[in-house]
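The values are calculated or read from the model by the stated rules, or taken from the named source; none is laboratory data. Note that the structure is predicted; figures quoted are calculated from it, not measured. A quick note on method: Cβ atoms are made from the backbone with ideal geometry, for glycine too, and the neighbour counts reach across all protein chains shown.
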Amino acid sequence: MDDFVREGETYWDGVRNYQARNNLRAMKQGDLVFFYHSVSDKEIVGVAKVTREHYPDPTAKDGDWSVVDLAPAKPMKQPVSLTRIKADKSLENIALIKQSLLSVMPSPRRSSAASSSWARPSCADAAPGQAAQPNNSPSPKKRLSSAWPFSTESEA
């Protein structure tokens with residue numbers, strides 16, 4: 001998350017799964033997303049904000065792929081591990097648990113991660129949005145590549 005905060009804003013590219021792409025396209029400007037490390041630590045480390053809705057992925061050579069722009073919003077005071085998420089019975093049916101290989105996923109509206117006990121004390125400003133999990137690939141404009149994010153839908 002430190003690199004992301006230093007860079008300020010980036011785009012999330014490399015999504016090459018149709019279901020994940022459609023979930024990415026559902027993100028709206030202003031949505032908050034959980035920043036989840038999927039490869040190394042498997043934990044939520046912060047919250048980011050969608051600053052630009054989907055547009056064509058500049059790294060895609062073929063196909064109809066999209067990116068969104070994200071800016072860091074707030075780091076978690078304490079990272080939230082996948083083990084802790086799995087232990088929360090109210091989250092047992094979320095896509096992160098059921099479809100862990102999907103890189104962008106919604107979660108049920110009323111059992112959102114932001115309403116879970118671990119989210120409130122960890123990141124008081126974290127409201128439901130979409131979740132995305134970036135990696136740390138360098139580029140002129142730091143890019144987020146496909147990974148396994150944890151997301152929620154906006155509350156009605």
Scan the stretch 1-55 residue by residue and report those that are under 16 Å from Ile85 (Cβ atoms), aromatic (Phe, Trp, Tyr) and in contact with a Pro (Cβ under 6 Å, 6 or more places away or on another chain). Tyr36
Identity of the residue in the stretch 70-114, crowded, with 20+ Cβ neighbours inside 10 Å and among the polar types (S, T, N, Q), that ends up modelled with the lowest pLDDT: Ser112
When you scan the stretch 27-57, how many residues do you find that are buried (at least 17 other Cβ atoms within 10 Å of the Cβ) and more than 22 Å from Lys74 (Cβ to Cβ)? 2
Could you list, in sequence order, the residues of the stretch 7-34 that are touching a Leu at 6+ places or on another chain (Cβ under 8 Å), within 14 Å of Lys49 (Cα to Cα) and not in a loop (DSSP other than H, G, I, E, B)? Thr10, Tyr11, Trp12, Val33
Can Val68 be described as among the aliphatic types (A, V, I, L, M), touching a Phe, Trp or Tyr at 6+ places or on another chain (Cβ under 9 Å) and not in a loop (DSSP other than H, G, I, E, B)? yes
